[in-house]
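The values are calculated or read from the model by the stated rules, or taken from the named source; none is laboratory data. Because the structure is predicted, anything quoted here is derived from the model rather than measured. Cβ placement follows ideal geometry from the backbone for every residue including glycine, while neighbour counts extend to all protein chains displayed.
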Amino acid sequence: MEQFVCVRVVQAWGMDLSLFQFHGQLTWSVFFLNADRTIYGRYGSRAPSGTSGFKGNDRFVTLPGFRKAVEGALEIHKGYPGNKAALAGKTGPAPVARTPEAMPAAAGLSNVRQADGKSHGCVHCHQVQDWELLSLRAKGPVEDRVLWPWPMPDAVGLSLDPAERATVTEVAPGSAAAKAGLKPGDRIAALGGQSILSIADVQWVLQQAKEPCVVKGQVERGAAKVEVSLALAEGWRRAYSFADNLSLGWITRQRLAGFRCDAVGPDEKQKLGLGEKALALRIREISPDFVKDRNTSPKKAGLQKGDLIVEVDGRKDAMTESDYLAFLVQKKKPGGKVDLAYVRGAAAPVKVTVDVP
Amino acid sequence: MKIGLALGSFLAATALVGQDKEALKTALKDAEVSGPWIYDDVNAGYAEAKKSAKPMLVVFR
């Protein structure tokens, strides 16, 4: 560590978002970079809790994995500035605003500016993602990359060893990774034209990927170097429930939906006489009063905990909570309305129209 | 109770961010950050990295 200038950042007020773009739901995240602000790589991954097999957040932050990323960063530094051009892709596109507090959605919040008008409070890293989503929604359609940010490699069928930089442990059958010919034991040396120091670097490349697109890479397989092409289809990011993505799920659930709900499973659908593909969302909780920015419209319309939503804007095919929230974010403009039909007990369905702030 | 105390400390800390980094560090009980670490000041990191020709390691948490 003495080979680095080490900086610890504990809050995001004033953070240069043209440079520091990372998963805001982090527990611990690292940038390796040059004094001229050229990024060498990232470390620190936090999977959404809804991803199959990836519950918990510490699993991908390990000392062996961090050590290997550190060694990789030092190798890049030794080759600098001769390798500078190859590092250009590690810096992201223009952000919504240069700093978190300059985002439109942050205007007027107490932690952006204190009552004295001079000092400021503590901006949390997750708020950067939340404000980005709300700022973009106010302007127009929100892309999947905002709702399903920082895809873990399993979104393309890859499980990587957290004790290595990016070594494949499993490849999901039928996945983009399997179709690209990746195999357990492969070491991902480059992806999207960038050197890879960590799982976070793989996430970074995936975060920049379009839909659909082909991401080219190079893996080391034994002594051989093998070129691979990951073909990513439309909607490839939707491999997990973004509603479980901590604050993004929370903020869309409270502000836009006004309730929390769960998709009813096949057994219960059968008991209820619903088809396997029928829409059935059970309201688990109406947004509580202590949530200041909640959508109060569903409660005012009479919706209650336990009600079963069976229709959304005329749509009757199955949805998850994540699907419903994405529908509100991406299909409804601020100030819009959504038509719901719900069932309570054995009564006939009731139709209501609720506001979408 | 513990949560309340922790929240109280955190809220106290948030009001200090723009004013005094040492006060913030104390309020957050960030005692383990010592020695060569630069605390919550990326610009100071750039300056030191330029002077020393070392790479930077910036931790967010």
Which residues, counting only those in the stretch A:323-355, are surrounded by 14 or more Cβ atoms within 10 Å (Cβ to Cβ) and either over 22 Å from the mean Cα position of the chain (by Cα) or among the hydroxyl-bearing types (Ser, Thr, Tyr) (or both)? A:TYR324, A:VAL338, A:LEU340, A:ALA341, A:TYR342, A:VAL343, A:ARG344, A:VAL350, A:VAL352, A:VAL354, A:ASP355
Those residues of the stretch A:299-313 which are on the phi > 0 side of the Ramachandran plot and in contact with an Asp or Glu (Cβ under 7 Å, 6 or more places away or on another chain) amount to A:ASP313
Take the residues of the stretch B:16-52 that are at pLDDT 70 or above, facing chain A (nearest Cβ under 8 Å) and part of a loop (DSSP other than H, G, I, E, B): which is nearest to the chain's Cα centre (by Cα)? B:ASP40
I'm told A:LYS225 meets every condition in (1) of a type in the set (Lys, Arg); (2) assigned to a strand (DSSP E or B); (3) under 13 Å from the mean Cα position of the chain (by Cα) except one. Can you identify the failing condition by its number? (3)
Here the residues within the stretch A:307-328 that are touching a Phe, Trp or Tyr at 6+ places or on another chain (Cβ under 7 Å) and in a strand (DSSP E or B) are A:LEU308, A:ILE309, A:VAL310, A:VAL312
Condition first: of a type in the set (Val, Ile, Thr) and surrounded by fewer than 18 Cβ atoms within 10 Å (Cβ to Cβ). Can you find one or more residues in the stretch A:209-218 that meet it? yes
Check the stretch A:207-222 and report whether any residue there is within 22 Å of A:PRO64 (Cβ to Cβ) and not in a strand (DSSP E or B). yes
On the basis of being outside any helix (DSSP H, G or I), within 7 Å of another protein chain (Cβ to nearest Cβ) and modelled with pLDDT under 85, does B:VAL58 make the cut? no
Report, by residue number, each residue of the stretch A:232-253 that is buried (at least 19 other Cβ atoms within 10 Å of the Cβ) and part of a helix (DSSP H, G or I). A:PHE242, A:ALA243, A:LEU248, A:GLY249, A:ILE251, A:THR252, A:ARG253
